[in-house]
Every structure is written in C-alpha cells, then in structure tokens.
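Down below is the structure, laid out as structure tokens.
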Amino acid sequence: MSLNRPTWRIVKRAPFICTECQTWLRSTSQKQQLRQITQVHLRKIKTAEAEWKDRAKDIADGRAKSMLEKLEERGLVNQVVGNRDELEKVLVERRVGVYCGVDPTAASLHIGHMVPFMALGWMYIHGYASTFLLGGFTSSIGDPTDRLTARPGQQRDERRNNMMNMFEQLKRLSVRIEKYAERRGYSREWAWRRGVLNNNEWWAKVTVKDFMKILGSVTRVGPMLGRDSVKNRLTKGDGMSFAELSYPLIQAWDWWHLYQTGTQIQIGGADQFGNILAGAEAVKGIVATNTAFQMKHEADMQGFQTTSDPMGFTVPLLTTSSGEKFGKSAGNAIWIDKQLTSSFDLYQFFLRSADEDVERYLKMLTFMPMGEIKAVMEEHFQDASKRTAQHRLAFEFVELAHGLADAEAARDQHKQAFSKTLSLQEVREQMQSEVRTLSQDRRPPALHPSINKHAAPLDMDSTHNINIKLPRSLVEQQPLPRVLWSAGLVASRSEGQRLINNKGVYIGGRISQDGQPIPMTDQVSYVAVKDSKWSWYAPLIVDGLIVLRVGKWKKKFIQIVSDEEYEASGETCPGWKDETETAADPQVMADLAGEETHRKLGKQNAATKEQRRRDQASLRSGGFGVVLDAQLRKD
Ligand SMILES: N[C@@H](Cc1ccc(O)cc1)C(=O)O
C-alpha cells in the first residue's frame, strides 16, 4: 500500500478498495480509520526525518561522529568500495538501505561471520534499513574468491538443510542483535527496519533472457578475466566453470534487486572487495541503460545532494595478534549455533583470547561504548591475571549470540568449573538447578548431521553442558574412552584412548599417601587417568558423580542415573538408543580399524602422526583446534 497517497476505487460489493494493497473497506468509517492510520504514519515519517536532519547537523558541526567514523573507530572498516568521503556523506544525508550476504556452505555461521554482521547491526540500530541476506542460490554455485579449486559439491539434502538452518539462524541473529542493543540503551525506533531474505526467492523467477539483457549486456568480459581469483584458478588451480566465473554477476544481480528498493550499500568480509566492486559497477551499468528506472529514481533523489551510486565496504578479517585466523583451524570452527558450540565453550573460547587482542575484539564484536571499553581495559591491566577484559568479552559475545540467560549460565558454569575451592556440595546444587532450567527449556530443532563431521556431537543437548547425566549402562563396566565419548568429551572412543595414552585425561579424585587414586572428599580435585579399565576408575565415583576432564579446559560433571530415568528425561548422547550400535559407527570403525592396521604393521603412517599432532594441539587449546593463549589462570 502506498501510505503517502492512499487511492480508492469504488466497487460494487464493498464500497471502497485501496488500489494498492487491495484492502476491502466496507464503510466510510473504515475508510476514515485507514486515513487516520495514514496520518499517524506520515507524522512519524516527518518526525524521523527531522531527527535525521538534526543528527546530520550535529555531525557537520562536530558534535557527533558520523556512522562511518563510528565503524572506523571500532575497527570495522577495512576497505571502502568507492570514495570514503562520499560514502560518509551518503550515510550522513540519507537513511540508505544496507545489506550483507552469506552463503550457507555449513549449517551455522561461525564467529568470523560475525564481523560484517556486527557492522550491519550497528547500521541497523542507527536507522539504516538492513537486510541479512542468505545466499541460497549463490551457495549452489560456490563463491570462487581466493580459491584454487572448486568447492566440493554438496548433496541436495545437505544444502537444503544448511539453508534452512542458517535462514532460521539469521532471523534469530537479527532479533538478538536488536535485543542486545536494547540492553545497551539503543531503544527501538519506528524507523528501524530489518529483513532476512533468501536470494532463492528471486532467482527462482529470473529468466536467462532478463539476466542477459539487463546484466549480461552491460558486463565486459575483460575485467572479469582480469580478477586475481580467476587468473590464479586458470594458471595455478584446477580451471573454472562458467557458473563460478559468473558468481560475481549473480551477487551483482542480488544487489540490483535490492538496490531498486533503496539498498545502496553492501558490506562484506575482507575477501568480498572484488565482488562488491564488480557489483557496484554492474548496478551502475544497469542504471545507465534503464531510462524508466532513472526517471523514477531521479524523482526520489530530488532535494538530496549526495550520489545514489552503489557503494560499500569490507570489514577486516578477524585474526589473532599472531596472525592466525580467528576461531578456525584444521576444519574446526567456532560455530554460532549453540548445538555446535555450547554457550559454555563459546565463553571459554573468548576467555582464552590474548591480552594483545582482547581490546580489538571488544570493539569489533560487542556494542559496548568506547568509553566503557577503555575503562575495562584500564581495570584489566591493573591485574591482567584476573582476565577482566576477557571475561567481559566472553559474556558480551555469548549474550549477543545466545542471549542473556545463556551468558549468565555460561559465566556461572565457568565459575563452577574453574573455582579453586569448589566443593562437591556446590557442584550438586548447580547440577540440580540446571536440571530444572533444562526441563523448562524448549530445545532447538536438531541440525542436519552433515555438519557434525568435524564438530562436537550434535543433537545431544546434554553433551554440550558441563553438568550432564549419563545412563548407568553407558558407564558401569565400560572402558573409560567410551564414557568420554558418551559424555561428548571426545569425538570417538579411539580418540579417547589416544588422549589417555598421551596423559591428557583427568578424573575427579585425589592421591592417597601411598600413591593410590582415591575418591574426592568435599573439594573437587583431579588425578591423571592411568588406566582405562572400569576396575581402575570405579572406586573414584562418589555418590553416582564422576568428574572428567580432557586437557586443561574440557570438563564434565556427570551424574549417573538409572537407564529408566535417562530414558524418561528425553535426552540422548553418543552410544544411547539408536546409537547403541556403536560398532556400526563408521567413524569409530574407521578409527579402530586404522589403529589396528598400524599396530600390525608396527609403524604409524602420516595420517596417524597428523592425528596425534592434532590431539596434542586440541589438548592444549581445550579442543577448539586453535591454540590461542594457554596461560589462562583458574580464576
Ligand atoms: N559471496 C558472499 C556471500 C554473498 C552471496 C550473495 C550476495 O548477494 C552477497 C554475498 C560470500 O561468500 O561471503
């Protein structure tokens, strides 16, 4: 409906129909009502416009920072596509639309994706209409940027599942960003607009004819072939399909689609500079040849001084101070989805950031005001061993990504796991209260198992908590690697055994005067596991509680319950029920078979060495596959 000028057509059965939204209005009073609503709406537009102008004046007079300056001071701008000052002016003058896209190549975003989405979030809470775009169609081609080989194809089912999961996640994320911002004092204004779209929506309808006529005819092949990603693939890589070569054009078309309703700005990760630049050129080319659009557009732009050319910027790649890619290594990403990386693990991950990095992350990954970050850093350096800044970062990020309740729970669990003087009584109380909250919690739908290949076990909520229950039959008489596996501490039983051999597994207990492992009394303490046999560790179980730790960071407080109780709780874990046929687990079988062969041959091949190297790295890093700062004190 055009709210500026409602127009009416009088028809036979109902007296009035709005010609644009087709609303039937049965009486004059209904018509008046709608007119009133329209008046209110118009007033809101006027107020918002006046506020915008005031803000522009404040910026011009140096009383306030521009949007671009705010993003820059937080380290969220890497390269501007177009002219920086022009972009700044556009953002000051108009509430332009902005979008950022992501291809669902996995079922979840990882923390690296959060940087462009933070920039988008900032713009959203400053009144720019923001679109979170899911590349349902683009992911079926695969962005060839910076790749020497084509992306491995995905099964249709897998792609569909990834798409569905990530679409839901983007919707949740856009809401969480808003909620988080609200708690930081940004109250929702009428003019805030956000949307989550899937480019499948329009690609299902675009015809080759339109695509070629509108975009194909204004695109030159020379610059396309001149891009590094293309040249490298052709000279050093495995060649390139026509579909991949066209990827930037497909992305450009998305922009053109959104541009027509006001999305002038695109944000992307550091690697997206080329795609955004190509997109901006393409959209300009289309506009230049489309007189009908130009006329409409000129009318909209009347009274504005700045350019309406498409522009954008990239955000920096998130790295540690030692240059590692943040949160991603050896196929082991830190996911945003809490089924894949629990709130506790996410909290622990950030807690381990190095002192040199933490301020940068606070600026990039939270909405904390700059002044507050400065104050936190000052407090932090009074006694860096307390990790004040890391705790703050971890809390803020979990709050942003998973919500406030989860952030509080993760902080409490951390206290429980790392308190030096934790009593068994406290562990039990914490376990009780978590059982209560878990049963009230509605669980998220299970993710597609395909994502699980390199990540923590899926669809097993219990394994993602530090306090878990396990059924008696999965613990009693079982070798410890199997318990480690059921508890979600290792990905397979053979990994569990390897870690025990490497002296990386600990169990709650203490050492008696004659050097024997004996149960804990009232404080939690650990001894290294020397033997996998049930007979060795059974005496360490205190009132059905067994405490296990892998490496320095991964801990589980496990309450053993009867199989019936476990069944009734509706929980599941590796080795339970449909996964009882553990011998049929192909991963476990492959691991075990591999080990057996190596033993027989009496030598290790490169794969086993690599596995061992990874185990050790994993032990050092707490299972995240990234060694950030292993110096975390038990605070
Ligand atoms: N190419 C982007 C994702 C994307 C897809 C479609 C778009 O319109 C925009 C961005 C990436 O790989 O990160």
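According to the square roots a ≥ b ≥ c of the eigenvalues of the Cα gyration tensor, what is the shape class of the range 343-418, taking rounded for a/c under 1.5, prolate for a/b larger than b/c otherwise, and oblate for the remainder?
Note, shape of the range 343-418 comes out oblate.
Under a plain spin-label model, where a point goes 7 Å from the Cα along Cα-to-Cβ, how far apart in nm are residue 562 and residue 221?
Between residue 562 and residue 221, the label points sit 7.6 nm apart.
Tell me which lysines have Cα within less than 29 Å of residue 231's Cα, excluding those fewer than 8 residues away on the same chain?
Those lysines meeting the cut-off are 209, 213, 284, 325, 328.
Between residue 44 and residue 542, what is the label-to-label distance in nm when each label sits 7 Å out along the Cα-to-Cβ direction?
5.9
Applying a 10 Å radius around every beta-carbon, put 472-482, 551-561, 185-195 in order of their mean neighbour count, most first.
Answer by packing, highest mean first, reads 551-561, 472-482, 185-195.
Subtracting the Cα-Cα distance from 0.36 nm times the residue separation, let me have the gained length for residue 211 to residue 530 in nm, one decimal. Let's see the in-between values first.
Numbers: separation 319, 0.36 × 319 = 114.84 nm, distance 6.62 nm.
Length gained between residue 211 and residue 530: 108.2 nm.
How far apart, in nm, are the 7 Å Cα→Cβ label points at residue 30 and residue 190?
That separation, rounded to one decimal, is 2.5 nm.
Assuming 0.36 nm per residue, please report the length gained on full extension of the stretch residue 63 to residue 510 beyond their Cα-Cα distance.
Numbers: separation 447, 0.36 × 447 = 160.92 nm, distance 6.26 nm.
Separation in residues times 0.36 nm, less the Cα-Cα distance, equals 154.7 nm.
Need the list of lysines near residue 70 for cross-linking: C-alpha distance under 24 angstrom, and skip anything on the same chain fewer than eight residues off.
Within the straight-line cut-off, residue 70 pairs with 53, 57, 89, 179, 363, 374.
Within the set 171/469; 386/556; 503/552; 338/469, which residue pairs have Cα atoms separated by over 21 Å? Walk me through the intermediate numbers first.
Working: 171/469 32 Å; 386/556 23 Å; 503/552 12 Å; 338/469 19 Å.
Listed pairs above 21 Å: 171/469; 386/556.
None of the figures in this text is laboratory data; all of them are computed from the coordinates on show. Computed from a prediction, not measured in an experiment: that's the story for all the values here. Note that each Cβ is placed from the backbone with ideal geometry, even for glycine, and that neighbours are counted across all protein chains shown.
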